[in-house]
Amino acid sequence: MDKASIRTHVERLWDESIVAEIAEYIRIPNKSVAFDRDWKAHGHMDRVVARFEDWARRQPIRGIKLEVVRLEGRTPLLFIEIPGDSKDCVLLYGHMDKQPEMSGWREGLGPWQPVLDGERLYGRGSADDGYAMFACIGAIGALQANSIRHARCVVIIEACEESGSFDLPHYIEHLAARIGQPSLCIALDSGCGNYEQLWLTTSLRGLVGGKLQVEVLTEGVHSGDAGGVVPDSFRIVRQLLSRVEDEATGKVLGGEFYASIPDARLKQAAATAAVLGDDIGAKFPFIEGARPVSSDTTELILNRAWRPALSILGADGLPPTGSAGNVLRAGTAVSLSLRLPPTVDPKVASQKLKSILEKDPPYGCKVSFQANWGASGWNAPALSPWLERSLEAASNDYFGNPVAYMGEGGTIPFMGMLGERFPQAQFMITGVLGPHANAHGPNEFLHIPTAKKVTCCVAKVIADHFARIAP
């Protein structure tokens, strides 16, 4: 295939249409259902669905069929079918829902305010994952515009990913006959170690989390009267967390939360460390003087991809410092997030976490852990030779550098589900979330040149997928 023609088509489409569409998408505060329980009444998700549907229908894609599927009581799903030159199937995935606003946006930026600054398009959802549908359709359109054959393609854009994709299994089951048995699955919701090459995600961590609550008193009391007599609920929370994590090192305790790291992943981590160097830590907005937990880049890569990590996401019962009186509070609750290695069962891990935290409550106080989310991780199957060659060629053609491989610390529940449902499929999991792109946080941006190149790489892989068995 003529890589220059593909690049020209893709860049023109992005410059003349896609960037403007993503900017309008950014303006819509379509937060995921976990952050907007009244999403249906607010109508923001439906506005996004309507815009995505309208844009896709206007593309000159032969035989495209598009449907907004709505199961009762669930977020909508955009289902697109594009006939191809074989009965084989390529399944492409993205999502349209967003994380909440988050504070700390730089002056002049905001979550629902699209700002194009050089090669970066700022705004919530731009890179996570509003660009995905446009890249999928753009890649297929580039092939058709250049008379390059491809298999039947199915594009799925869900609206529940940022809440754990709990609606998606119902849609996959509902649409199973129409999806068929894809031999290649492409997902564009992952990250990249830099913006200089194509990055293939080799694994994703699992996740469990919930609310840890400690209750000591029926009401707050004077700290001078109770201090030294009544145990402080915050100290008890600290004590319980020390059962799970070594606060000096951040190491999670308990073998149930660990998995053996495959040799292939150890070798890939070492190779990726040679590519990234100190960039693995430098991409984070550390304050002056702060640093990562280790100076060993390989260990940081393995920590991020194959080892558990505990985070405290929020707290109840703590008043703002400006209005905190001298009161020993009745209780404290914290929201926990425990990232898991790709092959650890989240249900087993969640039960173990609950057991550790609730066992033998200090001072006879009331301790409860309510699990409220969980997702399986995913470890990619070995690459077929054709796909390995295709990815290498695609990265060299459009980035000018070889493909790189890295496990991601985040979770895409869809991947674990697909891996179980289509065990014979090959996977291309990639994305545009590189250094400082800051998905979920303030100042999220889409690096447009990388998005264009990823679109071209997807086109290349889809073409090679067809060519591997074509006469």
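The values are calculated or read from the model by the stated rules, or taken from the named source; none is laboratory data. Just so it is clear, the structure is predicted and the values come from calculations on it, not from any experiment. Cβ atoms come from the backbone with ideal geometry, glycine included; neighbour counts cover every protein chain shown.
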Practice task
Have a look at GLY94, GLY130 and point out the one that is under 23 Å from ARG421 (Cα atoms) and either within 20 Å of the chain's Cα centre (by Cα) or at pLDDT below 95 (or both).
Solution key: GLY94
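Mind checking which residues of the stretch 1-33 are hydrophobic (A, V, I, L, M, F, W, C) and within 17 Å of MET133 (Cα to Cα)?
VAL10, LEU13, TRP14, ILE18, VAL19, ALA20, ILE22, ALA23, ILE26, ILE28
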Exercise for the section: Check the stretch 408-423 and report whether any residue there is small (Gly, Ala, Ser) and not in a helix (DSSP H, G or I). Expected result: yes
Practice task
Would you check if there is a residue in the stretch 292-305 being modelled with pLDDT of 95 or more and under 22 Å from PRO362 (Cβ atoms)?
Solution key: no
Practice task
Search the stretch 91-108 for residues that are without any contact (Cβ under 8 Å) to a residue 40 or more places away in the chain and assigned by TED's automatic domain parsing to the domain that holds ARG27 and pair each with any residue that is surrounded by 11 or more Cβ atoms within 10 Å (Cβ to Cβ) and in a strand (DSSP E or B) when their beta-carbon atoms are under 7 Å apart and the residues are at least 6 apart or on different chains.
Solution key: GLY108/VAL115
Exercise for the section: Considering only the stretch 9-47, state which residues are charged (D, E, K, R) and either touching a Phe, Trp or Tyr at 6+ places or on another chain (Cβ under 6 Å) or within 17 Å of GLY125 (Cα to Cα) (or both). Expected result: GLU21, GLU24, ARG27, LYS31, ASP36, ASP46, ARG47
Exercise for the section: Run LEU336 past the list (1) over 28 Å from LEU200 (Cβ atoms); (2) in a helix (DSSP H, G or I); (3) in contact (Cβ under 8 Å) with a residue 60 or more places away in the chain and report the number of the one that doesn't hold. Expected result: (2)
Exercise for the section: Give the residue that is surrounded by the fewest Cβ atoms within 10 Å (Cβ to Cβ), with candidates limited to residues of the stretch 156-212 that are under 25 Å from ILE140 (Cα atoms) and of a type in the set (Asp, Glu). Expected result: GLU196
Exercise for the section: Would you mind finding the one in PRO114, PRO83, PRO100 that is over 24 Å from the mean Cα position of the chain (by Cα) and surrounded by fewer than 24 Cβ atoms within 10 Å (Cβ to Cβ)? Expected result: PRO83
Fill in the blank from the handout: Okay, helices (runs of 4 or more DSSP H) sitting entirely in the stretch 192-311 with 3 or more residues that are among the aromatic types (Phe, Trp, Tyr), I get none
Handout entry: Residues being under 15 Å from ILE137 (Cβ atoms), in contact (Cβ under 8 Å) with a residue 12 or more places away in the chain, of a type outside the set (A, V, I, L, M) and touching a strand residue (DSSP E or B) at 6+ places or on another chain (Cβ under 9 Å) - total across the stretch 26-58
Key = 2
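Okay, residues lined up against (1) closer than 12 Å to ALA451 by Cβ; (2) out of contact with any helix residue (DSSP H, G or I) (no Cβ under 8 Å at 6 or more places or on another chain); (3) part of a strand (DSSP E or B):
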residue: LEU121; (1), (2), (3): yes, no, yes
residue: ASP129; (1), (2), (3): yes, no, no
residue: PHE134; (1), (2), (3): yes, no, no
residue: ILE137; (1), (2), (3): no, no, no
residue: ILE140; (1), (2), (3): no, no, no
residue: LEU143; (1), (2), (3): no, no, no
residue: ILE148; (1), (2), (3): no, no, no
residue: CYS153; (1), (2), (3): no, no, yes
residue: ILE156; (1), (2), (3): no, no, yes
Handout entry: Hits in the stretch 189-200 (condition: over 19 Å from GLY281 (Cβ atoms) and touching a Gly at 6+ places or on another chain (Cβ under 7 Å))
Key = ASP189, SER190
Practice task
Answer with yes or no whether GLU119 is free of Cβ contacts under 8 Å to residues at least 60 places away in the same chain, assigned by TED's automatic domain parsing to the domain that holds PHE427 and surrounded by fewer than 24 Cβ atoms within 10 Å (Cβ to Cβ).
Solution key: no
